[in-house]
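Down below is the structure, laid out as C-alpha cells.
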Amino acid sequence: MDLSPSPLAFEMRKKVEHFFETEILPRDPEWRREVHENGNPWPDFLSELRAKAKSQGLWNLGLPMLDDSDPGTRLNNLEYTYVADVMGRLGWSSFVFNCQPPDVPNAEILQQFGSPEQKERWLVPLLNGEFRSTFAMTEPAVASSDANNIETTIESDGDHYVINGRKWWTSNASHPLCKFAILVGLSDPEAERGRGHTMVLIPTDTPGFIVERTLSVFGAKDITTPHDQVLFDNVRIPKTNLLGTEGGGFLIGQARLGPARIQHCMRMIGHGEVMVRLMLERARDRVAFGKPLQSYSTVQEWIAESRLELEQCKLMLQKTAWLVDNFDNKAARREISMIKLAVPRAYSNIADRAVQVFGGMAVSDDSPFASAVASARVMRIADGPDEVHLRTLFKLEQFAAKDEPALSPSYLRGPGNSFLE
Ligand SMILES: Cc1cc2nc3c(=O)[nH]c(=O)nc-3n(C[C@H](O)[C@H](O)[C@H](O)COP(=O)(O)OP(=O)(O)OC[C@H]3O[C@@H](n4cnc5c(N)ncnc54)[C@H](O)[C@@H]3O)c2cc1C
C-alpha cells in the first residue's frame, strides 16, 4: 500500500495551494462581508474565481470517474486527499474548485447511474458549474438513520411518478442555483427490506416542490448551503427521471457515501491543521501570569495531543482512499465507518482545545472556533450517526472472527494462575 502522492497529486497540490494563497485567502474579508453580513448566497466574485480556477484545470477534482471530455482534472480518491485538506482551510474554498457537497456526491450518482439523457440534462451543467443540486432523504417523521423507515411515497401513474412526503435537512434546496433534487422514496411497501426504495430526479421548479422553511444549525443559518424543509405535494415527474432501477435506491445510496465521507473528513483535517497553527501562535504570543501560554504544560499537551490525532486520522483516511481506489466502497466499509467516527472526534477535540486556548474570543463569531465546534458536533449525526457506524464496526469485527478457531486458553491466563493447567 503506497500512500505517497503521485506526481499528479504533487503537482495539483502545489497549484491548488498557490491558487488558495493568492486568489482565495485575500478575498476572505470580501466573502465575510458579502455572505455573512449581506446574506448573499453566491457573490459575483465567486463566479469570477470559479471561472479562473476552471481555466487552470483546478476544477472537479473530487470526481474519480471524471471523463476525459469533462471539464477539470481527474484525481483518484487518494490523490484528492492531497488537495482536499488545502480546501478545508477555509470553509468556502471548495466552491471555487467545484468540489462542494452535495453537488459532488450527486454528480457521482449521475456518473454511475444516470441514463445518457439524464447525464446530458443534469450532469453536464453540474460539472460545468452552471447550477447546483440537493439530496432529499431524511424525513422529520421517522428515524432516518435507518433508511428503511423512509416514508415519502413514489407512486406509479401511467408514464409518470407521483411523489408525496415531507423531507428536511435537504441541504441546498432553496439555493437560487439549485435546479434539481435526487430524492429517495418508498416505491414498493410490500418489497423485502432494502428493496422497496427508489431514487428519482426532481427539477426544483416542478409544481408541488415547496420549500417550507430553512433550518438553523446551532442557532445559525447556512447561507451558501441552506438546510431546508421541503414538502413534496403531488409532485409529478416522468418515469424517465428514474435513477437506476425501481427498488434499487439503497444500492445507489451506498455508492454515494464512501467518497463523500472521505472528502468531508479530509477537509476537516485541513481545518484541524489550521487550528493547531492558530493555537501555537496564540500560545507563543499571549502572556498570562508573567509567562507565555506555551510554557504551561496543559497547553503543550493540548497541542501535542492534537498533532497525534491529526496524524492518526490522516493515515487512516489515506488508507481508506487507497482501498476505495484499488478495490471499491465495499472493501473499505470498515475503514469508511472508522474515519467517519475518528475524524469528527479528533476535529471536535482540537476545536475544543482551541476554544480553551483562545478564551472568550473563541466562543464568538470573531474566531472560527465556535463554528468548528458546531460542525464537529453535526458530523457525529449527519451522514449516519456515530452509533450506526459503531454498530457496523462491531458486526464486521464479529463477522471477521466467526470462522476463526477459539483462542488458546493461554491468552486468558495471567502469570499466576497455573492451577488451570
Ligand atoms: C447540517 C446537516 C445537514 C444534513 N444534510 C442532509 C442532506 O443533504 N440530505 C439528507 O437527506 N439528510 C441530511 N442530513 C440529515 C442527516 O443525515 C440525519 O440527521 C441523520 O442521518 C440522522 O437521522 P435522524 O436525524 O432522523 O436521526 P434518527 O434516525 O432519529 O436518530 C437519532 C439517534 O438515534 C440513535 N440511533 C439511531 N440508530 C441507532 C443504532 N442503530 N444504534 C444505536 N443508536 C441509534 C443515534 O443516537 C441517533 O443520533 C443533514 C443533517 C444535518 C444536521
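Structure above, values below:
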| quantity | calculated |
| --- | --- |
| Residue that is nearest to the chain's Cα centre (by Cα), among those in the stretch 358-373 that are more than 14 Å from Gly272 (Cβ to Cβ) and among the hydrophobic types (A, V, I, L, M, F, W, C) | Ala370 |
| Some residue of the stretch 323-333 being buried (at least 21 other Cβ atoms within 10 Å of the Cβ), in contact (Cβ under 8 Å) with a residue 40 or more places away in the chain and either basic (Lys, Arg) or not assigned by TED's automatic domain parsing to the domain that holds Gln254 (or both) | no |
| Per-region count, the stretch 23-63, residues of a type in the set (A, V, I, L, M, F, W, C), in contact with a Leu (Cβ under 7 Å, 6 or more places away or on another chain) and either without any contact (Cβ under 8 Å) to a residue 40 or more places away in the chain or crowded, with 18+ Cβ neighbours inside 10 Å (or both) | 2 |
| Flag for Leu390 being over 19 Å from Val276 (Cβ atoms), surrounded by fewer than 18 Cβ atoms within 10 Å (Cβ to Cβ) and either away from the ligand (no atom under 14 Å from the Cβ) or of a type in the set (S, T, N, Q) (or both) | no |
| Test: residue in the stretch 340-359 that is more than 30 Å from Leu257 (Cα to Cα), in contact with a Ser or Thr (Cβ under 7 Å, 6 or more places away or on another chain) and loosely packed, with under 15 Cβ neighbours inside 10 Å | no |
| Search result, residues across the stretch 126-178 that are within 16 Å of the ligand (Cβ to nearest atom), part of a strand (DSSP E or B), among the β-branched types (Val, Ile, Thr) and touching a residue at least 60 places away in the same chain (Cβ under 8 Å) | Thr134, Ile163, Thr170 |
| Ala283, sole failed condition from (1) of a type in the set (Gly, Ala, Ser); (2) surrounded by 19 or more Cβ atoms within 10 Å (Cβ to Cβ); (3) outside any helix (DSSP H, G or I) | (3) |
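The values are calculated or read from the model by the stated rules, or taken from the named source; none is laboratory data. Not measured: the values here are computed from a predicted model. Every residue, glycine among them, receives a Cβ derived from its backbone with ideal geometry; neighbour counts consider all protein chains shown.
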